1. Taking just the alpha-carbon atoms of the range B:323-384, what radius of gyration and Dmax come out, in angstrom?
2. Would you give the gap between the C-alpha center of the range A:172-208 and the C-alpha center of the range B:400-432, rounded to a whole Å?
3. If eta is 1.002 mPa s and T is 20 °C, what Stokes-Einstein diffusion coefficient results for the range B:542-648, Kirkwood Rh from Cα pairs, in µm²/s?
4. Hey, got the dipole for the range B:49-152? About the Cα centre, +1 on K and R Cβ, -1 on D and E Cβ, debye to the nearest 20?
5. Charges only on Cβ, +1 for Lys and Arg, -1 for Asp and Glu: so what's the dipole of the range B:355-465 about the Cα centre, in debye to the nearest 20?
6. Compare the peptides B:328-335, A:168-175, B:299-306 by average per-residue count of other Cβ atoms within 10 angstrom and give them in order, highest first.
7. Taking B:Lys327 as the anchor, which lysines have their alpha carbon closer than 29 Å to its alpha carbon, excluding any fewer than eight residues away along the same chain?
8. Which values of log₁₀ I(q)/I(0), to two decimal places, follow from the Debye formula for the range A:111-180 at q = 0.14, 0.18, 0.19, 0.29 Å⁻¹ with a uniform point scatterer at every Cα?
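A short reminder: the numbers here are calculations on the coordinates, not readings from a lab. Just so you know, these numbers come straight off a predicted model, no measurement behind them. Here the Cβ positions follow ideal geometry from the backbone for every residue, glycine too, while neighbour counts run over all protein chains shown.
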Amino acid sequence: MRVIVLFVAFVLALTLVGRRAHAEVPAAPAATENVDADFAHASEALAGGRAGDAIALFEALADRGVVDENVSFDRGLAYAERVRMGAEQPGDLGRAAHGFEEARSLAQSKALERDAVSALGAIRTEVARRRARSGTGTEVEPNPSVGELIVRLASEDAWAVAAALASLIAGIGLYVRAEATRRRMKISGSTAFAVAAPLCVAFALLAWTARENRLTMREAVVVNPNARPLDARGIALPNANPLPEGARLRTLNVSTGSTEIQWGALHAWVPSAAVRAIARRE
Amino acid sequence: MRPRAWGKPKTTHRGRTALRGALLMQRWGLLFALVFLFVTRARAAAPPELRASVDSDVVAVGEEFELHLKATTTGEVSGVELGADAHVAQIGRPSVGSYQEMNIRNGVLVQKQGVNVTFRVNAAKIGTATLRPTVTVGGVRFGANAVTVRIVPQGQAPPRRPNAQDPFGGGLPDPLSGFRGLFGNPFGDPDDNPTSPRGMLDIPTDAKYALQAPRGKGTFLHAGIDKPNAVIGEQVTLSIYQYIDLELNREMEFNDVHDVSTSDFVRRALMEETPNPKLVGNARIGDRIWAVRLIRKMALFPLKAGDLKIGPMSLGIVKSTGGVTDKRESETLSVHVTDPPAAGRPPGYAIGDVGRFEMTGTVEPREILHGGIATVTLELSGTGNLPSSIVPPAHQGVDWLQPDMKEQMGPGKNDRYGGKRTFTYVVRLTSEGTIELGDVAIPFYDPDTRTYDVARASLGSVVVKPGGAAEPSAGGSSDPLPNLPPLRITRAAAVTPRAHLTEARTFWFALAAPSLSFVVFAGARAARRRLKERVRTYNASPDTLLKQRIQEADAACGATDARAADASIARALEQAIIVGAGVNVRAIATRQIAGTLIEHGVAEPRARAIEELLAECEAARFAPTEGDSAVSRERWKRAKECISGLKKG
């Protein structure tokens with residue numbers, strides 16, 4: 001029993017050390033002092049029906065590196081408003097979707113996330129309607145792979161905690177199996193180890209994958225109404241429809257002028273200007 | 001027949017007719033004779049090829065110049081004359097030299113000979129002098145082509161061109177004839193002003209075209225840019241020159257011309273591509289003079305950031321030996337392109353809008369009826385990468401239709417590309433009242449001042465009066481994006497970066513810790529068990545026991561108990577016998593010990609000494625009185641010698 005207590009204390013101590021080490025990561029530098037004022041002006045312009053002015057101000061904020069879910073959300077709204085006003089510029093729907101996707105990624109509140117998803121639905125419905133009218137297919141969001149679905153089932157930290165618990169149970173099972181004198185206890189220890197050890201490996205892999213996704217996966221949104229997928233030489237892929245405006249895709253590699261993307265099963269290159277990266281809070 | 005009497009002849013009609021025939025015969029005979037004489041003389045001296053030229057077309061009054069006359073003839077030249085008018089005067093006698101040349105053309109030997117004559121002439125009067133030199137060959141005088149020289153007041157004549165006449169008879173072909181038609185001749189028509197290698201070093205050259213070394217023989221291409229670093233959209237001027245060796249001694253033909261590749265740039269020509277490009281100067285490279293032609297000049301506007309390549313221009317030179325071409329290629333250039341600075345960037349700035357822009361806007365009419373339209377004209381002018389579209393201000397009740405765009409763009413001052421673009425919008429106003437059209441603004445980055453600025457046109461307002469046609473339905477006016485969520489009017493709360501368990505290395509260690517701990521625990525327990533066993537084994541060894549016995553004997557001999565000392569001496573000796581001879585003598589009678597030891601290979605004296613020592617110890621131990629400890633120490637001394645001997649033996 002004393003050994004089990006020691007195990008638990010050991011694991012908890014390590015975890016706490018890890019959390020403290022990570023908490024020492026410096027916070028992101030603060031945005032410039034006029035951000036609030038510019039945001040207020042942009043919101044006023046948008047509320048006053050001056051979508052063009054609002055877009056300019058919101059884009060200026062983005063250029064200054066402001067990462068804020070509300071700014072992204074309102075920027076999406078500004079582009080959507082310009083579409084509604086009949087003053088649409090090519091790419092407005094994609095940029096609106098980009099703002100909402102960014103807001104969804106950054107959202108800390110469920111309400112904002114819900115609103116962003118709702119607005120994205122409206123944008124993608126319009127994109128799908130236009131694509132259907134032009135005969136280029138109505139798919140605007142591909143189905144994720146099984147692996148992606150499993151990783152997304154829980155958060156990175158949830159997978160990590162699950163892995164730690166499974167590891168602890170496996171350790172205790174081993175000890176019980178080795179030390180117990182009664183047969184029933186030995187069987188219990190063996191069973192606990194046999195179940196917990198593979199689970200620990202699986203959860204650890206999922207936590208690691210979620211971490212890799214968080215650190216290395218870059219996503220972007222198509223902001224060009226006619227973004228044709230290309231091969232590595234820059235030649236349009238045969239029989240490939242243009243990517244739907246506003247589609248969220250994964251960027252694998254960015255070279256000069258071209259971006260390697262993955263959208264569902266499609267692996268291709270597109271001109272860098274046709275996609276816009278989703279900002280992340282780092 | 002009666003002889004003819006001199007004096008007044010007596011003539012008859014018949015006699016007059018005969019006389020007239022004789023005279024006619026005489027005249028025709030004389031004519032035939034003259035023609036025969038002319039033909040024979042002319043055959044004796046065929047007309048020479050004459051070519052006259054002067055070393056300068058324009059000279060100052062009082063200045064000397066030279067007239068060169070080249071006469072190609074096989075006849076004998078008996079005289080030369082300048083044939084000048086009153087504007088000039090010949091100085092001295094002309095210098096005359098003969099020449100001969102042999103050429104093989106199509107397998108046939110062609111021989112030429114003749115004379116080169118040089119007249120020194122003084123420009124006497126201002127005006128235009130005409131000189132037509134003549135040569136007398138075989139007694140017949142022949143005139144050369146007339147040359148004119150403009151005589152100007154002193155100080156107004158251009159610098160004298162170096163000697164343009166081949167003094168050695170023109171044996172060298174025109175070096176630039178091969179470029180005619182494709183790239184022209186840097187000095188114009190060579191017949192008027194032939195070039196020769198002589199005097200080349202006197203040709204003025206421009207240091208800015210000089211290169212370290214020629215990039216090819218005869219001719220080559222050289223490319224240059226005005227700046228190696230730029231921001232996206234900033235003009236980079238690319239110039240491509242062709243260098244032509246003025247001493248080139250053969251004709252050239254070009255084919256397979258490939259233009260530069262500039263896929264990462266928007267390209268605008270700053271000069272027309274012409275088959276006869278402009279000669280921009282001469283360059284001295286090494287000890288040779290090269291004519292430099294500007295064949296391409298273009299403004300390049302980078303489209304993206306990075307080290308962007310400008311591919312080479314190339315052309316092939318057709319070799320005289322066959323169709324194989326010799327390639328000439330300009331340099332591959334690189335421009336380091338960055339984004340314009342983020343600091344001070346105005347809202348609405350579009351990457352690539354770089355230059356110096358101005359914008360004006362007009363709106364007509366300012367008052368319309370409801371349902372009417374207004375025309376907004378925006379004129380964007382300036383230099384640099386002028387945007388080809390303008391995003392109009394999107395306001396409620398203002399419907400901007402697609403604009404009509406006209407442009408007048410081209411090269412401007414200092415090779416800056418620019419001009420103006422005029423956008424004409426039809427604007428439909430869907431609300432009544434005074435409608436503010438707002439401002440149209442195009443932020444741009446000025447690469448000269450390295451600052452941002454904004455080209456702005458204020459459009460003012462339009463009054464929409466009631467009445468007029470009904471408002472069009474605007475395509476059904478169904479909202480394409482219904483039910484959008486409300487605007488957020490405050491920024492989100494600041495968020496500190498979230499900690500993640502997986503970021504800590506210790507977490508990954510902790511995952512393995514329980515299992516590892518068990519392994520460590522089990523391992524430690526096994527190791528402990530193994531160690532104990534080893535210690536036990538070690539303690540049971542004869543050597544260890546001997547050491548122990550010796551230590552005990554030492555200790556006992558150091559004390560005062562003689563019996564205990566003798567007992568320990570005996571135990572040490574017995575253990576030494578076990579180690580040294582491999583036999584236990586404890587169960588053997590004392591008087592048989594020596595024999596046993598000898599049997600086990602111990603030397604007899606040592607065996608006897610051991611037996612004696614053991615016997616003494618036994619006697620002392622069991623003696624009724626306490627022994628002397630000094631004697632015991634002396635006995636231990638001898639016992640140690642025996643032990644030592646046993647160990648060695």
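1. Rg and Dmax of the range B:323-384, Cα atoms, are 23.3, 75 Å.
2. So the two Cα centres are separated by 76 Å.
3. Reported coefficient: 159 µm²/s.
4. I would put it at about 180 debye.
5. Roughly 200 debye, rounded to the nearest 20.
6. Taking the mean over residues of other Cβ atoms within 10 Å, the ranking is A:168-175, B:299-306, B:328-335.
7. Partners found: B:Lys208, B:Lys217, B:Lys227, B:Lys278, B:Lys297, B:Lys309, B:Lys319.
8. Debye output, listed in q order: -0.71, -0.89, -0.93, -1.11.
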